[in-house]
Amino acid sequence: MNAAKKGLGRGLSALFGDIEKKSASNRTEINKIPIADLQRNKYQPRTKFSEDKLNELSSSIKENGVIQPIAVRSNKYDPGKFEIVAGERRWLAAQKAGLNEVPVVVLDVDDQKSLEIAIVENVQRQDLNIIEEAKGYQRLAKEFGYDHEKISKFMSKSRSHISNTMRLLSLPEDIIGLLEEEKLTAGQARPLIGMPNASEIAENIVMKKVAARDVESLVKGKKGSKKNDKIEDPNISFVRNEIESKLGLTVQIINRKNNSGKIVINYKSLDQFDHISKKLRK
């Protein structure tokens with residue numbers, strides 16, 4: 001087991017350990033509740049589940065039942081219902097197996113802790129595709145004010161991994177779709193960030209099955225073939241990454257020939273705008 005996995009394992013244990021200490025009176029036994037009373041976690045980073053793996057788990061559940069209880073929390077907006085914190089795959093497989101109720105443990109956790117547990121559980125099992133992972137980190141940054149350094153420490157992953165993973169979200173939607181479908185790897189897609197003809201190159205990579213190690217050369221060739229293509233200065237890239245790390249938002253730096261320019265910070269809500277304002281006032 002490598003260091004990263006050990007770190008993630010300790011992180012998940014620590015999360016549940018903290019919860020147990022805070023809510024021992026609320027989490028003393030395993031209960032069985034109707035499947036219909038469970039709801040998907042709104043903070044679940046996974047958007048797709050392998051049908052084959054679900055069928056395998058469903059077959060196992062038919063034979064042995066749900067061995068590991070599903071972690072849930074009460075839905076304060078829908079009394080009597082419970083939101084899944086960890087174990088959505090077991091819930092889906094139990095439905096396929098025809099079960100009417102499943103074992104659960106009820107946790108007393110807030111939205112932030114629910115997201116933290118969901119991300120750690122899935123990354124630890126390597127169940128997330130790279131875009132689901134990136135969006136999970138993005139939510140920690142945007143909704144709970146995590147910077148890249150804090151995400152890095154929490155997930156026991158390098159800061160560069162966190163930053164590079166989140167930067168994939170700046171790619172065009174069609175390339176993000178290829179990453180979600182796992183037709184393109186992060187290593188193949190990363191050199192395309194900032195390329196004006198990224199979608200065209202991505203199609204060629206998929207069609208010709210270009211290896212990740214060869215994409216860099218392909219991209220350099222495309223850059224050299226078009227005089228008007230702009231290559232971002234490494235120093236500007238570094239500064240942009242630093243600003244994105246601090247804010248947890250996508251940033252564009254436009255540098256002109258006379259070294260004047262502008263910095264554009266993209267936000268999608270008033271909450272994000274307030275987050276930027278607070279950061280700038282510090």
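The values are calculated or read from the model by the stated rules, or taken from the named source; none is laboratory data. The model shown is predicted, which means the values in this text are computed figures rather than measured ones. Counting neighbours? That spans all protein chains shown, and the Cβs are built from the backbone with ideal geometry, glycine included.
Show the residue pairs meeting these rules: Cβ distance below 9 Å; 6+ apart or different chains; first residue within the range 147-167 and more than 20 Å from residue 191 (Cβ to Cβ); second residue not in a helix (DSSP H, G or I).
147/248; 148/248; 151/157; 151/248; 152/158; 154/146
Can you tell me which residue in the range 110-124 is surrounded by the fewest Cβ atoms within 10 Å (Cβ to Cβ), limited to those that are polar (S, T, N, Q) and in contact with a Gly (Cβ under 8 Å, 6 or more places away or on another chain)?
My answer is 124.
Regarding residue 59, is this residue farther than 22 Å from residue 169 by Cα and surrounded by fewer than 20 Cβ atoms within 10 Å (Cβ to Cβ)? First the steps, then the outcome.
Working: farther than 22 Å from residue 169 by Cα: yes; surrounded by fewer than 20 Cβ atoms within 10 Å (Cβ to Cβ): yes.
Considered against the rule, which asks whether it is farther than 22 Å from residue 169 by Cα and surrounded by fewer than 20 Cβ atoms within 10 Å (Cβ to Cβ), residue 59 comes out as yes.
Please pick out the residue among 151, 201, 193 that is under 20 Å from residue 238 (Cα atoms) and assigned by TED's automatic domain parsing to the domain that holds residue 217. Working first, answer last.
Numbers: 151 fails: assigned by TED's automatic domain parsing to the domain that holds residue 217; 201 fails: under 20 Å from residue 238 (Cα atoms).
Just one listed residue meets the conditions, 193.
Rundown of residues vs (1) over 30 Å from residue 177 (Cα atoms); (2) modelled with pLDDT under 85; (3) small (Gly, Ala, Ser); (4) out of contact with any strand residue (DSSP E or B) (no Cβ under 6 Å at 6 or more places or on another chain), yes/no style:
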site	(1), (2), (3), (4)
83	no, no, no, no
98	yes, no, yes, yes
103	yes, no, no, no
117	no, yes, no, no
120	no, yes, no, yes
123	no, yes, no, yes
135	no, no, no, yes
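May I ask you to list the residues in the range 194-214 that are surrounded by 14 or more Cβ atoms within 10 Å (Cβ to Cβ) and either within 17 Å of residue 167 (Cβ to Cβ) or of a type in the set (Gly, Ala, Ser) (or both)?
194, 195, 198, 199, 201, 202, 212 - these are the residues of the range 194-214 that are surrounded by 14 or more Cβ atoms within 10 Å (Cβ to Cβ) and either within 17 Å of residue 167 (Cβ to Cβ) or of a type in the set (Gly, Ala, Ser) (or both).
Name the one entry in 72, 66, 85 that is part of a strand (DSSP E or B) and in contact with a Lys or Arg (Cβ under 6 Å, 6 or more places away or on another chain). Don't jump to the end; show me each part of the working.
Numbers: 72 fails: in contact with a Lys or Arg (Cβ under 6 Å, 6 or more places away or on another chain); 66 fails: part of a strand (DSSP E or B).
Being part of a strand (DSSP E or B) and in contact with a Lys or Arg (Cβ under 6 Å, 6 or more places away or on another chain) holds for just one of 72, 66, 85, which is 85.
Given the range 138-204, what helices (runs of 4 or more DSSP H) lie entirely inside it while holding 3 or more residues that are modelled with pLDDT of 90 or more? Give the derivation first.
Values: elements: 148-155, 159-167, 173-180, 186-189.
Once the helices (runs of 4 or more DSSP H) in the range 138-204 are filtered for at least 3 residues that are modelled with pLDDT of 90 or more, what remains is 159-167, 173-180, 186-189.
Give me the pairs: first residue in the range 201-222 and without any contact (Cβ under 8 Å) to a residue 12 or more places away in the chain, second residue assigned to a helix (DSSP H, G or I) and acidic (Asp, Glu), beta-carbon distance under 9 Å, and six or more apart or on different chains, which are they?
From the range 201-222, the pairs are 203/174.
In the range 232-272, which residue that is surrounded by fewer than 12 Cβ atoms within 10 Å (Cβ to Cβ) and in a helix (DSSP H, G or I) is nearest to the chain's Cα centre (by Cα)?
271
If you scan the range 86-104, which residues turn out to be closer than 14 Å to residue 33 by Cβ and either over 23 Å from the mean Cα position of the chain (by Cα) or among the β-branched types (Val, Ile, Thr) (or both)? Please lay out each step first, then the result.
Step one: of the range 86-104, the residues closer than 14 Å to residue 33 by Cβ are 87, 90-91, 94-95, 99-104.
Result: 94, 95, 99, 100, 101, 102, 103, 104.
In the range 150-184, which residue that is of a type in the set (Val, Ile, Thr) and within 15 Å of the chain's Cα centre (by Cα) is surrounded by the fewest Cβ atoms within 10 Å (Cβ to Cβ)?
Here is the first cut: in the range 150-184, the ones of a type in the set (Val, Ile, Thr) are 151, 162, 165, 175-176.
Pick out the ones that are also within 15 Å of the chain's Cα centre (by Cα) and you get 151, 162, 165, 176.
Details: 151: 25, 162: 26, 165: 22, 176: 19.
So, considering only residues that are of a type in the set (Val, Ile, Thr) and within 15 Å of the chain's Cα centre (by Cα), the one surrounded by the fewest Cβ atoms within 10 Å (Cβ to Cβ) is 176.
Let me confirm something: among 271, 233, which residue is out of contact with any strand residue (DSSP E or B) (no Cβ under 6 Å at 6 or more places or on another chain), acidic (Asp, Glu) and at pLDDT below 75? If you could, list the steps in order and put the result at the bottom.
Values: 271 fails: at pLDDT below 75.
Residue meeting the stated conditions: 233.
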